[in-house]
1. Order 22-28, 194-200 from most to least packed using the mean count of other Cβ atoms within 10 Å.
2. Given Cβ point charges of +1 (Lys, Arg) and -1 (Asp, Glu) and nothing else, what value in debye, to the nearest 20, does the dipole of the chain about its Cα centre take?
3. Find which of S277, A121, T61 sits farthest along the positive direction of the dipole of the range 3-308, computed with +1 on the beta-carbon of Lys and Arg, -1 on that of Asp and Glu, about the Cα centre.
4. Which one of A309, I264, F91 is farthest out on the positive end of the charge dipole of the chain, using unit charges on Cβ (Lys, Arg +1; Asp, Glu -1) and the Cα centre as origin?
5. Hey, what angle do you get for helix 150-162 against the long axis of the chain, alpha-carbon based, 0 to 90 degrees rounded to 10?
6. Counting only helical runs of four or more DSSP H residues, what would the 222 nm mean residue ellipticity of the chain come to if each run contributes -39,500 (n - 2.57) and the total is spread over all its residues?
7. If I fit a long axis through the Cα atoms of helix 180-197 and take the longest principal axis of the Cα atoms of the chain, what angle between them do I get, 0 to 90°, rounded to 10?
8. Can you list the aspartates and glutamates whose alpha carbon sits under 19 Å from that of K314, skipping same-chain ones fewer than 8 residues off?
Amino acid sequence: KNLKKYYPITGGVLGGEVGVVKAVDDVSFSVKRGETLGLVGESGCGKSTTGRSLLRLIEPTSGEIHFDGVNVSSLSRDEMRKMRRDMQIVFQDPFASLNPRHNIEKILEEPLIVHGIGSSAERKKRVLEMLEVVGLSSYHARRYPHQFSGGQRQRIGIARALMLNPKLIVADEPVSALDVSIQSQVLNLMQDLQREMGLTYLFIAHDLSVVRHISDRVGVMYLGRIVELTTSGQLYSNPLHPYTKALLSAVPTPDPDAARERVILQGDVPSPANPPSGCTFHTRCPHVTDECRTKRPDFRDAGNGHFVACHLYKS
Ligand code: SF4
Ligand code: MG
């Protein structure tokens, strides 16, 4: 709720604060139990910062995070550590997130040790069970991260996140580093696991085609804000925000008759250290008006829970 993460920019001759990067700038959303909320946008839009802030791996500048009735933002470090049993993250680069000097058994056992769960024998049993759940086998337990393919490493990253039987998984671009053929295997695995374990996902991606099939609802981020949020079906069949339309124009559609209004993005994403006034998308928007340059559009319901922040939609 009203989540913000601002980073000071230091510099100048005195090394003082010379500005601020608004990495996440007043973002509010909810994720329902058992659903997948996709969060999409170009790199630097604040989606990873948002995901990590929910778990307080990054401390937000302000705003509130509520999880299962608990105000996570007010928990002490120790209480937060306990809370992380229920809230886990899967990273984009499984290789960077797995300790190269530890074998898989040790990597998967670690969360259990940290939380003081089970005897050594029980932990090892759980490791083998979890390897199987993600499509690997006991045969892999003694191997090291470098002995696995990218897809296998991501399965290990997922297994590690599941060791504590969490409720929520923040998946931060979990398939972006994988070959397209492997991507769908990992996405299918994640969907199966969600059904079997009753998981809730916040699924972060830079590509709308990746979140399409896995997400119940999708939020589109631009320069630290959510500009559109609705069901997956609505977003793809009836996108409202010009930025969403531009992102969708870049996604190949299997049906050539389903010609969407094509919007080609002009220029680059402006620097979040110096975002445009008014609607931050105005420097790239084909529908820009004077109002857009001065007045920030409210995030409002355009009907049926389809939220959009754009002056074109005022009821
Ligand atoms: Fe474009 Fe204006 Fe809508 Fe921003 S508010 S997306 S500039 S039409
Ligand atoms: Mg990222």
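1. 22-28, 194-200
2. Details: 39 positive and 34 negative charges, 126 e Å.
It comes to approximately 600 debye.
3. Of the listed residues, the answer is A121.
4. Result: F91.
5. Roughly 80 degrees between the two axes.
6. Mean residue ellipticity at 222 nm (helix-derived): -9000 deg cm²/dmol.
7. Around 70 degrees separate the two axes.
8. Answer for K314, where 19 Å is the Cα cut-off: E228, D290, E291, D298, D301, listed by chain and number.
None of the figures in this text is laboratory data; all of them are computed from the coordinates on show. These numbers were taken from a predicted model, which means no experiment stands behind them. In this analysis, Cβ positions are derived from the backbone assuming ideal geometry, glycine residues included, and neighbour counts consider all displayed protein chains.
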